[in-house]
1. Under the classification rounded if a/c is under 1.5, otherwise prolate if a/b is larger than b/c and oblate if not, where does chain A fall, given a ≥ b ≥ c as square roots of the Cα gyration tensor eigenvalues?
2. Would you order B:ILE599, B:ILE411 from fewest to most other beta-carbon atoms within 10 Å of each residue's own beta-carbon?
3. Find, among the chymotrypsin sites (Phe, Trp or Tyr not before Pro) in segment B:557-646, those assigned to loop by DSSP (not H, G, I, E, B) with at most 14 other beta-carbon atoms within 10 angstrom.
4. Taking loop as defined by DSSP and a crowding limit of 14 other beta carbons within 10 Å, which GluC sites (Glu not before Pro) in segment B:85-185 fit?
5. Kindly put B:MET389, B:MET318 in sequence by how many other C-beta atoms sit within 10 Å of each C-beta, fewest to most.
6. When the chain is fully extended, how far beyond the present Cα-Cα distance does B:PHE86 get from B:HIS453, taking 0.36 nm per residue of separation?
7. Please work out the C-alpha center-to-center distance from segment C:25-70 to segment B:70-93 and express it in whole Å.
8. Give the cross-link partners of C:LYS102 among the lysines, using a straight C-alpha distance below 26 Å as the criterion and excluding same-chain residues fewer than 8 apart.
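Nothing in this text is a laboratory measurement; each read-out follows from the coordinates by a stated rule. Only a predicted model underlies this, so the values are computations on that prediction, with no experimental measurement involved. Every residue, glycine as well, gets a Cβ built from its backbone with ideal geometry; the counts of neighbours run over all protein chains shown.
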Amino acid sequence: MSYDFLETILFALLTIGIVGGAVGVVFLNRITGAALLMAFTFLCNAGMFVLLGAETIAAFQVLIYVGAITVLILYGVMFTPQQHRPYALFFQKQTPWAALFVAPIAIFVALFAFSFRDSAHPTPRGGDLVPLATSVFKDFAFPFEVASVLLLAAMIGAIVLVKRDEDE
Amino acid sequence: MIESVAPGQIDLGLIRYVWLIPALPLAAFLINGLFGRRWLKHATGWIASGAMVAAAALAVGVFLDVLRGNEHTTVTLYRWIGVGEFKIDVAALVDPLSSVMLLVVTVVGSLIFIFANGYMAHDHGFPRFFTWFSLFAFAMLLLVMADNYLLMFVGWEGVGLCSYLLIGFWFEKPAPQHAANKAFWMNRIGDWGYTIGMVTTFLVFGSMTFTEVFEKVGIATQANLVLICIAFFVGAAGKSAQLPLYSWLPDAMEGPTPVSALIHAATMVTAGVYLVARSTPLFVAAGPSLQVVGVIGAVTAIFAATIALVQFDIKRVMAYSTVSQLGYMFLALGVGAPIAAIFHLATHAFFKALLFLGSGSVIHAVGDEQDMRKMGGLRRKLPVTYWTMLIAGGALAALPPLAGFWSKDEILSAAFLSGHTALWAVGIVTAILTAFYVTRAMWMTFHGEPRDHHLYDHAHESPAIMTLPLVLLAVGSAALGLAIGFPPDQGFIHSFLKPAVEAPGVAEPAPELATILALSAASVVAGLVGIVVGISMYVRHRPDPAAVTRAAGPLYRLLVNKYYVDELYDRKFVEATRAFFGVLWAFDVHVIDGIANGIGRLAAAGGGGARRLQTGVVGNYALTVVVGLLVVLVAYGGYAAGVFKR
Amino acid sequence: MTIPVGAFIAVSSILFFLGVTGVLVRRNAVVILMCVELMLNAANLALVAFSRRAGSVDERGSVFVVFVFVIAAAEVAVGLAIVLAAYRNRPTVDVDEVHAMKG
């Protein structure tokens with residue numbers, strides 16, 4: 001029995017999740033709600049990765065995005081309370097212009113995207129870790145080290161930016 | 001190094017050092033200019049005068065060496081310009097004509113320099129005076145020595161510049177400023193003519209060096225030659241104050257008297273005469289040009305003499321007299337007697353310089369008063385000045401045996417004998433007028449009762465440093481004519497100068513003795529008539545000058561106002577030029593500045609407009625990124641669809 | 001797998017453009033950062049999808065995704081630090097009100 005239809009259903013559900021979450025992030029007025037919907041989007045994205053056979057990537061996605069970045073965002077939300085204001089004022093003054101320019105690009109790209117008709121070819125289960133690791137530590141060892149330096153710099157930079165001036 | 005090229009083969013002697021003659025005043029100029037104001041002060045006068053005296057001694061030496069037989073020597077310093085066909089050397093042509101000019105400039109110049117030491121002694125600009133005076137001497141000597149038109153032009157411009165500087169010497173006052181400007185402007189108009197002549201000479205003959213041009217006179221067309229000669233004559237008219245470029249010379253009397261004596265009597269104004277004399281081969285070959293020169297010379301002579309009749313400023317009388325006598329020299333050139341012109345140039349240098357210096361002595365004595373109506377009876381108080389000026393006045397009136405008689409008589413004879421009877425008549429009438437106005441000036445200044453007793457009481461004779469040059473110049477005015485110009489047409493100067501100014505194809509008239517005597521008698525009679533009328537009017541008041549003035553009425557007013565020439569020039573030329581300048585100025589302010597300012601305003605406006613992109617709102621910048629993305633996608637799509645051809 | 005690669009790309013592009021819209025439209029700086037994260041996720045999805053096209057799996061896509069993770073994390077950290085520092089200056093995170101760099 002072929003369970004291919006399950007893939008399609010799963011794909012449809014994950015798509016709804018991603019798009020719905022993103023729409024919520026953009027248009028919701030409660031900011032904590034927006035943050036949690038963003039986390040939901042990340043999770044659905046992880047599901048997409050699994051569907052494509054990239055489980056390691058999915059694991060990283062959950063770890064980093066849902067785990068760390070969402071928490072960071074929530075911290076940010078917590079430290080920047082805003083006064084209540086009407087919904088219309090959630091949007092920038094340039095909104096009409098933005099819509100004008102983004103709409104054509106979006107339509108164009110979406111149409112372009114549908115021109116890729118060949119099927120996706122997922123890796124076998126559990127088979128994506130070894131090639132990934134080999135590639136990272138053999139061919140891309142130098143960028144890997146640079147990335148760690150970048151993280152260090154970002155960490156220090158963030159600390160310096162947020163440091164209060166000492167009055168001693 | 002001085003390297004000499006000598007077609008005349010006899011031992012050169014001092015001619016080799018001829019470049020020292022202008023070098024000495026140049027050195028004096030530099031020393032006085034650099035060190036005069038702070039350190040040397042009155043020593044500048046000694047330095048400048050010493051340089052001139054040394055130059056005069058050298059000039060005498062060079063003259064003697066030329067006399068010994070070196071008729072034509074070129075002493076080259078270095079090649080100045082060598083561009084293809086156009087070659088100009090800094091070189092001196094030492095021949096009889098230039099050696100005579102060197103003598104005149106240095107000897108008369110030295111005496112005037114010495115006089116100026118006394119005259120300018122109380123002036124606080126003393127060092128500046130001798131700086132410019134020395135520079136002038138250098139430029140004039142360069143002019144006279146040059147062997148080509150371009151180098152001569154350097155000296156020509158230099159004397160023009162120094163004339164401006166010295167006329168406007170007392171620049172704190174407005175009148176000298178205007179006079180200096182006027183002199184420079186009119187000179188410049190003449191220079192324009194000189195430049196055209198010079199450049200055309202090069203275009204026609206391929207060279208500007210005198211010897212080369214005169215050898216090739218035959219290759220030029222009549223039209224070319226006439227153009228060149230008329231152009232050069234325009235330059236000469238500007239420099240030597242002939243009609244219509246003469247009115248700067250009377251105004252130039254605003255300068256100190258030694259300046260009037262040296263520049264505007266003896267040397268600079270004679271540069272035009274020298275130019276035409278030097279270019280004799282060109283002028284003779286271009287027939288009509290000589291006529292023009294002669295006619296303008298004669299008309300200028302009589303014109304200026306009529307104005308001199310009624311002037312009250314003693315220096316103005318002498319200035320118009322100079323214009324008139326220069327007219328005589330051009331008259332001589334015009335009738336084909338360049339030797340007579342140079343002869344008169346030399347004698348005139350002596351007696352006119354003396355007249356000016358004597359006037360300076362008088363002015364100095366009466367406390368800087370120049371109006372003769374306030375003088376009178378000064379002969380008792382200023383004996384040396386009186387007697388020397390009397391000799392000079394006699395020379396000007398052409399009384400034998402003084403110098404002026406021999407040279408002026410020769411000019412008039414040449415005019416008559418070459419068939420220009422009309423010009424001769426003009427010359428005779430002018431001689432009468434000349435004698436008259438000189439008598440008038442002398443009488444008003446030195447004779448009769450003093451009209452202003454205050455001035456008279458304070459008058460005193462000048463110190464020796466001023467009277468000694470007067471005496472020496474008087475000796476020259478008296479004896480020079482006899483010494484070098486007797487007998488007429490066969491004297492020393494005639495044989496000496498002939499090789500320098502001879503031109504092929506000029507017929508020498510060979511008159512009989514009776515004709516010569518008759519002509520001389522006519523000249524003498526003319527002079528005596530003028531003097532007698534003058535004495536009769538002023539001593540015996542028959543007729544009374546005041547009555548004549550009233551009777552002449554409008555004619556008198558015409559003469560006193562100098563024929564309204566200055567007013568005419570002012571209205572026609574000066575105002576037109578000012579209007580033109582106004583147009584140019586408006587163009588400069590509105591168009592050129594407008595463009596410059598407009599570009600600035602454009603940049604500012606552009607910046608102001610572009611500035612509005614910087615809203616400071618971060619969201620706008622993000623939107624700009626997206627717009628850029630849109631552009632990139634459109635371009636990519638177009639490229640992929642083949643819209644943009646490779 | 002019956003799902004064409006194009007479908008994943010379409011989803012990725014929708015997610016991306018929703019993120020762009022959010023960046024351009026929302027006033028709250030923290031929300032803008034959230035939308036930037038959405039864009040990065042879209043990029044990750046596209047990368048992984050392209051690396052699994054028919055034929056072979058090109059693991060360079062996955063490697064790139066790893067680096068995108070790193071960059072995204074660093075960027076969020078620093079971005080939030082900036083927002084907090086600005087908030088300390090003036091108690092607002094409204095991007096329309098921060099125009100001291102105008103002109």
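1. Cα axes put chain A in the oblate bin.
2. Starting with the residue having the fewest Cβ neighbours, the order is B:ILE599, B:ILE411.
3. Answer by residue number: B:PHE644.
4. B:GLU85, B:GLU172
5. B:MET318, B:MET389
6. Stretched out fully, the B:PHE86 to B:HIS453 stretch lengthens by 125.5 nm.
7. 89 Å
8. Straight-distance partners of C:LYS102: A:LYS93.
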